[in-house]
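A.B. asks: Right, I'll just put the structure down here and ask away after.
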Amino acid sequence: MANIVITGANRGIGLALVRNYVADGDRVYALCRRPDQATELNQIATSAAGRLTLHQIDMADGNSIDAIPQALGDTPVDVLLNVAGIVGGRADKLTSAPFTEADFAAWREAFEVMTIGPFRLVQALLPNLTAAKGKALTVSSQIGASTWPYGGMYVYGATKAAVNRLMLSLAIDLKDQGVSIATVHPGYVQTDMGGPNAEITPQESAAGIQAVAANLTLDTSGSFFKWNGELHPW
């Protein structure tokens, strides 16, 4: 039985990952902003015989992140999955209305949630990850790669490009401690963000991400993967 920590666990890909790991018999710590409103998560927890617990976290709040180790104690963490994400402001091209200060406030929140937050959570849980020689996988996006051939999506792309580089640095720095780090493009997924006409379901994406995590080694640490296990150019 492995110990799994998942952010953004109340919906979409995060929820599908929770279902998969619980079904596999693992111990899952499900992190989300409002556990009391996470109806499906609570239903799973009811039948999971103590192998799933819900914990409050706000990835834009450093104090909230720093409190998570108290919930785990000295439990070794085999896999940390940073899934939580937001669109992060307008997706408009620059030729539309000018950006306002309100838009830039949304930029700052997006960087907190999708770039700084994952880094801080790895930092907060580093003793737990080190104890297990564990793995930390952060959901990124093809939009953050220099090979993405379109404009727009300014803040979302910037946060994902930043987290790719940030996790590569962590992979280099944590290799000697036996901790493997990677990022993964989840595919174009039928979630609140991707919409109903996206290419794959959350279940398909989650299964792929779970396999990527299982196959991640120190030799491949620092890589940017596609959900199907292929390397993503960036």
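A.B. asks: With a cut-off of at least 3 residues that are surrounded by fewer than 14 Cβ atoms within 10 Å (Cβ to Cβ), name the helices (runs of 4 or more DSSP H) lying wholly within the range 66-183.
C.D. replies: 101-111, 154-174
A.B. asks: In the range 205-219, is there at least one residue being more than 16 Å from L80 (Cα to Cα), among the acidic types (D, E) and under 16 Å from the mean Cα position of the chain (by Cα)?
C.D. replies: no
A.B. asks: So how many residues does the range 215-228 have that are surrounded by 13 or more Cβ atoms within 10 Å (Cβ to Cβ) and either without any contact (Cβ under 8 Å) to a residue 40 or more places away in the chain or outside any loop (DSSP other than H, G, I, E, B) (or both)?
C.D. replies: 3
A.B. asks: Would you check if V87 is closer than 18 Å to V184 by Cα and at pLDDT below 90?
C.D. replies: yes
A.B. asks: Give all pairs with beta carbons closer than 7 Å in which a residue from the range 182-194 that is at negative phi meets a residue that is among the acidic types (D, E) and at pLDDT below 95; count only pairs at least 6 apart in sequence or on separate chains.
C.D. replies: From residues that are at negative phi, the pairs are Y188/E199.
A.B. asks: Can you list residue pairs whose Cβ atoms sit under 9 Å apart, with the first residue in the range 7-35 being farther than 22 Å from V189 by Cα and the second being polar (S, T, N, Q) and in a helix (DSSP H, G or I)? Count only pairs 6 or more apart in sequence or on different chains.
C.D. replies: Note: pairs meeting the criteria are D24/Q210; D26/N20; P35/N42.
A.B. asks: Sort out which residues of the range 46-64 are touching a residue at least 12 places away in the same chain (Cβ under 8 Å) and hydrophobic (A, V, I, L, M, F, W, C), and write them in order of number.
C.D. replies: Answer for the range 46-64, where residues must be touching a residue at least 12 places away in the same chain (Cβ under 8 Å) and hydrophobic (A, V, I, L, M, F, W, C): A48, L52, L54, I57, M59, A60.
A.B. asks: Oh, and also: Answer yes if at least one residue in the range 22-44 is outside any strand (DSSP E or B) and touching a Pro at 6+ places or on another chain (Cβ under 9 Å), and no otherwise.
C.D. replies: There is at least one residue in the range 22-44 that is outside any strand (DSSP E or B) and touching a Pro at 6+ places or on another chain (Cβ under 9 Å).
A.B. asks: With the requirement that a residue be surrounded by fewer than 20 Cβ atoms within 10 Å (Cβ to Cβ), over 17 Å from the mean Cα position of the chain (by Cα) and not in a helix (DSSP H, G or I), what does the range 49-65 give you?
C.D. replies: A49, G50, R51, T53
A.B. asks: For the range 126-159, which positions are closer than 27 Å to N215 by Cα and of a type in the set (A, V, I, L, M)?
C.D. replies: L126, L129, A131, A132, A136, L137, V139, I143, A145
The values are calculated or read from the model by the stated rules, or taken from the named source; none is laboratory data. If you're wondering where the values come from, they're calculated on a predicted model, not measured in any experiment. So basically every Cβ, Gly included, is an ideal-geometry build from the backbone, and we count neighbours across all protein chains shown.
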